[in-house]
Amino acid sequence: MPQMTGGQALVAQLLREGIEVVFGLPGVQLDWAFDALYDVQDRIRIYHTRHEQATSYMADGYARTTGKVGMCLVVPGPGLLNAMAGLSTAYACNSKVLCVSGQIPSEHIGKGRGMLHEIPHQLEAVRSVTKWAARAMRPEEIPGLVREAFRQLHTGRPRPVEIEIPPDVLMNTADVTLLDPEPAEREAGDPDLLEQAARALGQAVRPIIFAGGGVLAAEAWEELQALAELLEAPVVMSMNGKGALSDRHYLAQNMI
């Protein structure tokens, strides 16, 4: 069981989960995280932005275009509130985005002492635009929270998740156990609902398919095309579903 700082534990577990790119904006609360990232600069590339809002929008765009988890790293308080604009878009569009934010020193959380970037109920605020959010209060908790964050990202409906870590937790050293990532298993559809859908489609006289972002999230574009061609059904796509069927395909209709 190696000894490492909270920042090193964070970065080491992120590497195990396959993170290769981080969009971030440094600040004093994140010094120990960025120190650890510097040590692995040959394995994780950092893109520095001029504003926290850009970090989450860039992470969202990265997730949508690569199919990988997009990660942003921001300071607490106003930094996280700025990033919540992009997180809210990622939430609405079902993007796999991990946001790691700082916090004020752990002994001052909830005390209202006017610490730098202190806001009340930060964790509760970010939960309004995330699927799951948690706080690490000890370095040894960090790997488990990171693994749970990725489990949340890869199961069920994909939406952003967030972990906040106070600066003293990133700085402190402890015996830390790194964890193997949980296998990502795609959930099967409900057999009864699938049978009902197949029966309804089989009885339809002039079927039309409305395809959303779930087709892209499930990488089910080939299945969509096969179904559309079998039924000779036009395919209308939502804004988030655009690209599920090529615009050049004879069954592709306008986006709505």
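If you go through the range 131-158 and pick out every residue that is modelled with pLDDT under 95 and part of a loop (DSSP other than H, G, I, E, B), you end up with 4.
For the range 235-250, a residue qualifies if it is in a loop (DSSP other than H, G, I, E, B) and buried (at least 18 other Cβ atoms within 10 Å of the Cβ), and the qualifying residues are ASN240, GLY241, ALA244, LEU245. Scanning the range 200-246 for residues that are of a type in the set (D, E, K, R) and either over 24 Å from ARG186 (Cα atoms) or touching a residue at least 40 places away in the same chain (Cβ under 8 Å) (or both) yields ARG206, GLU219, GLU229, GLU232. Scanning the range 166-222 for residues that are touching a strand residue (DSSP E or B) at 6+ places or on another chain (Cβ under 7 Å) and in a helix (DSSP H, G or I) yields PRO167, LEU170, MET171. Can you tell me which residue is farthest from GLY7 (Cα to Cα) among those in the range 174-201 that are of a type outside the set (Asp, Glu) and touching a helix residue (DSSP H, G or I) at 6+ places or on another chain (Cβ under 7 Å)? Taking the candidates together, the pick is LEU201. In the condition set (1) crowded, with 18+ Cβ neighbours inside 10 Å; (2) more than 22 Å from MET71 (Cβ to Cβ), GLY114 is compliant with all but (1).
Residues checked against (1) at pLDDT 90 or above; (2) touching an Asp or Glu at 6+ places or on another chain (Cβ under 9 Å):
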{"site": "ASP175", "(1), (2)": "yes, yes"}
{"site": "ALA184", "(1), (2)": "no, no"}
{"site": "GLU187", "(1), (2)": "no, no"}
{"site": "PRO191", "(1), (2)": "yes, no"}
{"site": "GLU195", "(1), (2)": "yes, no"}
{"site": "LEU201", "(1), (2)": "no, no"}
{"site": "ARG206", "(1), (2)": "yes, no"}
{"site": "ILE209", "(1), (2)": "yes, no"}
{"site": "GLY212", "(1), (2)": "yes, no"}
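A single member of VAL22, VAL74, VAL11, VAL100 is under 28 Å from THR173 (Cα atoms) and either acidic (Asp, Glu) or within 11 Å of the chain's Cα centre (by Cα) (or both), and it is VAL100.
Just to be sure before I move on: is LEU231 surrounded by 13 or more Cβ atoms within 10 Å (Cβ to Cβ), over 26 Å from ARG64 (Cα atoms) and at pLDDT below 95 in the structure I sent? Judged against the criteria, LEU231 is a match.
For the range 209-223, the candidate set comprises residues that are under 13 Å from ALA252 (Cβ atoms) and under 25 Å from the mean Cα position of the chain (by Cα); within that set, the residue that is surrounded by the fewest Cβ atoms within 10 Å (Cβ to Cβ) is TRP221.
The values are calculated or read from the model by the stated rules, or taken from the named source; none is laboratory data. Keep in mind that what you see is a predicted model, and the values were worked out from it rather than measured. Quick reminder, even Gly has a Cβ in these numbers, built from the backbone with ideal geometry, and neighbours come from all protein chains shown.
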